[in-house]
Amino acid sequence: MDTPLPLPLRIDALPEHTDYADTGCKLYPSCLQCPLPHCHFDEPGGSAAQLRGGRDATILRLAARGDVTVARLAEMFGLSRRTVFRVLRSGRERGEI
């Protein structure tokens with residue numbers, strides 16, 4: 001009678017009997033209680049890109065109203081006027097404004 005071959009080990013399997021502490025990251029002390037939709041380690045550009053995305057969406061929303069100047073947007077967000085123009089151009093290219 002032939003002995004069955006052992007199943008190959010998964011190369012992405014975690015080691016058995018290892019204590020994985022939920023140490024969180026620089027943004028939140030616990031991964032399991034983090035409010036972000038995706039881990040900043042998994043996102044291209046990290047947490048800075050996630051935060052910029054929210055900031056840029058707010059800039060585009062305010063600019064679409066038409067009553068806020070570029071200078072005022074720059075002041076509100078602590079950005080240069082040039083950066084605000086870049087955000088607006090990017091939003092126009094994506095059809096968001």
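Throughout, read-outs are computed from the coordinates displayed, never taken from laboratory work. Keep in mind that this is a model prediction, so the values were computed, not measured. So basically every Cβ, Gly included, is an ideal-geometry build from the backbone, and we count neighbours across all protein chains shown.
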Every pair of residues 6+ apart whose Cβ atoms lie under 9 Å, when the first sits in segment 26-38 and is without any contact (Cβ under 8 Å) to a residue 24 or more places away in the chain while the second is among the polar types (S, T, N, Q) and part of a helix (DSSP H, G or I): LYS26/SER47; LEU27/SER47; LEU36/SER47; LEU36/GLN50; PRO37/GLN50; HIS38/GLN50
Search result, residues across segment 23-53 that are outside any loop (DSSP other than H, G, I, E, B) and over 20 Å from VAL87 (Cα atoms): CYS31, LEU32, GLN33
Single condition THR58 does not satisfy, out of (1) more than 22 Å from the chain's Cα centre (by Cα); (2) of a type in the set (Val, Ile, Thr); (3) closer than 30 Å to ILE97 by Cβ: (1)
All positions within segment 63-84 that are part of a helix (DSSP H, G or I) and surrounded by 11 or more Cβ atoms within 10 Å (Cβ to Cβ): ALA63, ALA64, VAL70, ARG72, LEU73, ALA74, GLU75, MET76, PHE77, ARG81, THR83, VAL84
Residue among GLY95, GLY91 that is farther than 30 Å from THR23 by Cβ and either surrounded by 15 or more Cβ atoms within 10 Å (Cβ to Cβ) or among the hydrophobic types (A, V, I, L, M, F, W, C) (or both): GLY91
